[in-house]
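This report concerns only the one structure given below.
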Amino acid sequence: AGIGKCVAMDLARRNARTILACRSLERGQAAVEEIRVATGNPSVVLRLLDTGSLASVRAFARTVLQEEPRLDVLVNNAGVTGLPFTITSEQLEQTFTTNYLGPFLLTNLLLG
């Protein structure tokens, strides 16, 4: 939704292979279908990613590096605000992990 969906739509309109990295399978798949229909680009795919989980970030990066011959653009735009103080299963504060640590780790893993 929001800025991420608009960016994905624009990239798909430019005929780019576009990977939507989403936490929700249902919402993500709905966005993929909407973007495919609106742009006529069948190369829009969904991969599950929760930047609030470093294990999820590592799994996503591993999959992308195995499946994709190259990665030209990475847009880190996921974020949360106003959540109650929560510690993740990895013993990190949830908002800080989702907004900073997860995207930082993802970028570094994808750089190779």
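The values are calculated or read from the model by the stated rules, or taken from the named source; none is laboratory data. Model, not experiment: these values are computed from the prediction. Glycine also receives a Cβ, built like all others from the backbone with ideal geometry; neighbour counts cover every protein chain displayed. The area values use the complete protein model at the heavy-atom level, side chains included, leaving out ligands, DNA and RNA. Shrake-Rupley method; radii C 1.70, N 1.55, O 1.52, S 1.80 Å.
Would you please classify the overall shape of the stretch 19-75 from the alpha carbon gyration tensor, given that a ≥ b ≥ c denote the square roots of the eigenvalues, rounded means a/c under 1.5, and beyond that prolate means a/b larger than b/c while oblate covers the rest? The shape class here is oblate. Before anything else, pin down the relative contact order of the stretch 3-111: Cα pairs under 8 Å, at least 6 apart, normalised by residue count, whole percent. Computed value for the stretch 3-111: 25 percent relative contact order.
Here residue 87 and residue 107 are evaluated by their C-beta separation; at R0 = 35 Å the FRET efficiency comes out at 0.90.
The structure shown yields semi-axes √(5λ) of the Cα gyration tensor in Å, and of the options [x] 59, 21, 9; [y] 27, 20, 14; [z] 25, 16, 11 that calculated value carries the label [z]. At most 13 other C-beta atoms within 10 Å and a DSSP loop state: those are the exposed trypsin sites (Lys or Arg not before Pro) I care about. Give me the longest piece of the chain that has none. Longest gap between qualifying sites, sites excluded: 15-69. Taking all protein chains as present, what is the carbon and sulfur share of the accessible area of the chain, in % to the nearest whole number, probe 1.4 Å? Heavy-atom surface of the chain belonging to carbon and sulfur, 1.4 Å probe: 56 percent.
With R₀ set to 25 Å, the beta-carbon distance separating residue 80 from residue 43 gives a calculated FRET efficiency near 0.30. Entry comment: accessible area of the chain is 64 Å² per residue, from protein heavy atoms only and a probe of 1.4 Å.
For the chain, the 222 nm mean residue ellipticity estimated from helices alone, with every DSSP H stretch of n ≥ 4 adding -39500 (n - 2.57) and the total spread over all residues, rounds to -14500 deg cm²/dmol. Among the chymotrypsin sites (Phe, Trp or Tyr not before Pro) in the stretch 1-102, those located in a DSSP loop and surrounded by at most 10 other Cβ atoms within 10 Å of their own Cβ are 85.
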